[in-house]
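Have a look at the structure below before the remarks.
The values are calculated or read from the model by the stated rules, or taken from the named source; none is laboratory data. Keep in mind it's a predicted model, so treat the numbers as computed, not measured. Note that we place each Cβ from the backbone using ideal geometry, even for glycine, and neighbour counts take in every protein chain shown.
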Amino acid sequence: MTPAKLRHLKDRLTALREEILGKVPQRIEPNRKDDAEVGGDEDEQPLNEMLQSIASNRNRNESAVLLKVDKALRKIAQKPDEYGLCEECGDDLAEARLSAMPFAELCLECQAKRDGSRGPRTRRNLYDFR
Ligand SMILES: [Zn+2]
């Protein structure tokens with residue numbers, strides 16, 4: 001991942017975070033709301049689409065997304081090398097996936113695996129990813 005791309009995704013995450021915080025009717029830093037006003041930059045559209053799809057889930061996922069956004073931002077700040085890698089298998093996340101969900105933690109494959117097994121999580125051997 002190039003520094004420019006990383007910064008770009010970080011901006012998206014920050015904007016997403018502000019949007020979510022701005023929409024949540026809680027006592028979370030009410031003064032931040034003004035900062036959430038996204039200008040007319042080129043990312044507004046995809047961001048809005050993403051937020052609409054989040055909103056269509058009746059906001060119930062917002063706090064979960066917010067946690068992931070915070071986590072991703074922390075990772076960018078502390079371990080930028082690990083951002084964009086699957087937390088399960090360590091592969092690069094697909095660019096399209098990151099661009100749609102800059103807070104994604106898993107690659108599609110691992111996400112599918114995790115979603116598929118609702119039972120007790122059986123973690124496979126670390127080297128058993130082939
Ligand atoms: Zn993976």
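Quick notes
- Considering region 83-100, the residues that are under 14 Å from Lys10 (Cβ atoms) and not aromatic (Phe, Trp, Tyr) include one that is farthest from the ligand (Cβ to nearest atom), namely Ser99.
- Within region 58-82, the only residue that satisfies the criterion of being within 16 Å of the ligand (Cβ to nearest atom) and small (Gly, Ala, Ser) is Ala72.
- Test: residue in region 10-23 that is at pLDDT 90 or above, touching a helix residue (DSSP H, G or I) at 6+ places or on another chain (Cβ under 8 Å) and of a type in the set (S, T, N, Q): yes
- Residues satisfying the stated conditions in region 87-130, i.e. of a type in the set (Ser, Thr, Tyr) and either in a loop (DSSP other than H, G, I, E, B) or at pLDDT 95 or above (or both): Ser117, Thr122, Tyr127
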